[in-house]
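Beneath this line is the structure, given in structure tokens, with notes to follow.
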């Protein structure tokens, strides 16, 4: 009985890791998000080329050096983006690992998957308040996340010395979070549509 509970817990943890890592991957590669920002916030259109260069560097295992044309990048910023790249690579490893295991669960052990929609419905008010709080106080959470994920202060980039940070204004990460939540919901709905069929 206890072993069965642990099996259910571990199985759902793996599936939720897949949902989170998959949603992060989709959001990172949603170029339309940046194009929408350019339109809504009147960002310089030239930023889009720089944005794509950074995203390609972060995504590609074959890209060892960050290269953005006509933009000075200090050693601290290079180090920071390298650390971000390592985090993204870690996410991709989790995505592959949890993805394979999730496929196995979907086909052979569907009964182990606890429907998160029931949890969402039960605590919907609390979840809505939490999301509103995160969006409203995003700056503080953004800083806390950086302090948690990085063991240095290279992420505190001075735009006067490193203009590359202007390509990624703070509201970009806020929109990133909102889009990631949207992808997570869509993925959960898709999984349970398949689960019921």
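Since every read-out is calculated from the coordinates, none of them should be taken as a lab result. Bear in mind the structure is a predicted one, so any value in this text is a computation, not a measurement. Note that each Cβ is placed from the backbone with ideal geometry, even for glycine, and that neighbours are counted across all protein chains shown.
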Are any residues in the range 143-180 more than 14 Å from residue 43 (Cβ to Cβ), in contact (Cβ under 8 Å) with a residue 60 or more places away in the chain and assigned to a helix (DSSP H, G or I), and if so, which ones? 149, 176, 179, 180
The residue that is surrounded by the most Cβ atoms within 10 Å (Cβ to Cβ), considering only those in the range 47-69 that are outside any helix (DSSP H, G or I) and touching a helix residue (DSSP H, G or I) at 6+ places or on another chain (Cβ under 6 Å), is 66
Looking only at the range 16-37, count every residue that is without any contact (Cβ under 8 Å) to a residue 60 or more places away in the chain and surrounded by 15 or more Cβ atoms within 10 Å (Cβ to Cβ) and tell me the total. 0
Of the listed residues (72, 81), the one being crowded, with 17+ Cβ neighbours inside 10 Å, under 19 Å from residue 154 (Cβ atoms) and touching a residue at least 12 places away in the same chain (Cβ under 8 Å) is 81
